[in-house]
1. Out of the GluC sites (Glu not before Pro) in segment 94-170, which ones are loop residues according to DSSP with at most 12 other C-beta atoms within 10 Å?
2. Using alpha carbons only, how many degrees (0 to 90, rounded to 10) separate the axis of helix 129-141 from the longest principal axis of the chain?
3. Report, to the nearest 10°, how far helix 203-216 tilts away from the longest principal axis of the Cα atoms in the chain, using its own Cα long axis and a range of 0 to 90°.
4. Tell me which trypsin sites (Lys or Arg not before Pro) from segment 73-179 have a DSSP coil assignment and no more than 10 other beta carbons within 10 Å of their own.
5. For the chain, modelled as a GNM with alpha-carbon contacts under 10 angstrom, which of Gly186, Gly73, Gly259 fluctuates the most?
6. What percentages make up the Cα-Cα pair-distance distribution of the chain when the bins are 5 Å wide from 0?
7. Mind checking which of Val128, Gly106, Pro197 is farthest towards the positive end of the chain's charge dipole, using Cβ charges of +1 (Lys, Arg) and -1 (Asp, Glu) about the Cα centre?
8. With angles folded into 0 to 90 degrees, how steeply does helix 165-185 sit against the dominant principal axis of the chain? Use alpha carbons for both and round to 10.
Amino acid sequence: MRTDGRRSDSSDEGLDASRPVAVVTGAAAGIGLAIAERLLADGFAVGVFDRDAALKTRFAAAEAAGRATVVVGDVTDAADRARLIEAVAAAHGVVDVLVNNAGIGGFGERIGSLDLAHLRTTLEINTVSVAAFVQLALPHLQRSERARIVNIGSLFADDPAEGGTDYTLSKGAIHALTRILAIELGPAGITCNSIAPGYILTEMHRAEVALQASRLGIAVEERFTQLRAQVPLRRHGTAEDIAGAVSWLASTDSAYVTGVRIAVNGGVSFA
Ligand code: NAP
């Protein structure tokens, strides 16, 4: 029996106990899917989680190969969160990397019409659940020799837009939490960093652009063109652009980096 908590009882290559283990929330689509796929390609075993049951088909092959633990659930549900972390610990014995990615785009209400129930929902999903996952994963991260927490924040944490009270509060808090965790968990050898994506082509962004276009009374394609013009690299980001940054933060190369926010946004700035 190994003393580091990792499984060592299988000869199946997929259950190789030396594989690092990553947990990724919101992995059924968009950025989370790309992150989980990238970490699988990097040699990780993954615990993947989403409320969208499409998660099961997306990771069926990896699950069959013993490389993925798949749990469908909601990040705001304490029992669902516990099911994920317990299933990963049972299958792999440890959590090396926790990627808090699941999130929603907020409800787009200006302060005068802000529904406080919507604000609470956004904070519960985007922020409170992140702290809760860190708490649950902590005993398992403490057993890892390469423990990492990566939180997905947003460009809009610092560069808010009208109607963004709920989303900006939720993501600003993520970057603040990241700094706090770096300070509190650093002595245990756990690093914590965040990524602030810019305009990334996912369903969340497409829905937001469609809304903006209808408010502006212009075609959706025209709004996409306007947004690209704000970006020095003159293109939208891809989910794989974000996954590449997560891959580095999850790797041993980033061992001495903690408490930082990496902007992956093509250079966009509203200054
Ligand atoms: P996405 O395409 O909407 O994917 C998010 C995934 O998370 C979906 O599968 C979604 O399921 C799931 N999810 C949402 N709420 C959940 C909950 N309560 N419990 C479990 N799963 C839940 O979004 P994305 O663009 O990939 O965004 C990923 C992260 O990046 C988010 O934190 C987002 O705020 C951040 N981000 C994105 C952009 C961008 O431009 N795309 C920019 C900055 C930051 P459903 O489909 O059922 O909702």
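FYI, it's all coordinate maths here, none of it is from the lab. If you're wondering where the values come from, they're calculated on a predicted model, not measured in any experiment. Cβ atoms come from the backbone with ideal geometry, glycine included; neighbour counts cover every protein chain shown.
1. Qualifying residues, ordered by number: Glu145, Glu162.
2. 20 degrees
3. 10 degrees
4. Filter output for segment 73-179: Arg110.
5. Of Gly186, Gly73, Gly259, the Gaussian network model singles out Gly186 as fluctuating most.
6. Result, from short to long distances: 1, 6, 13, 17, 19, 17, 12, 7, 4, 2, 1, 0, 0 percent.
7. Going by the charge dipole, the pick is Pro197.
8. 30 degrees
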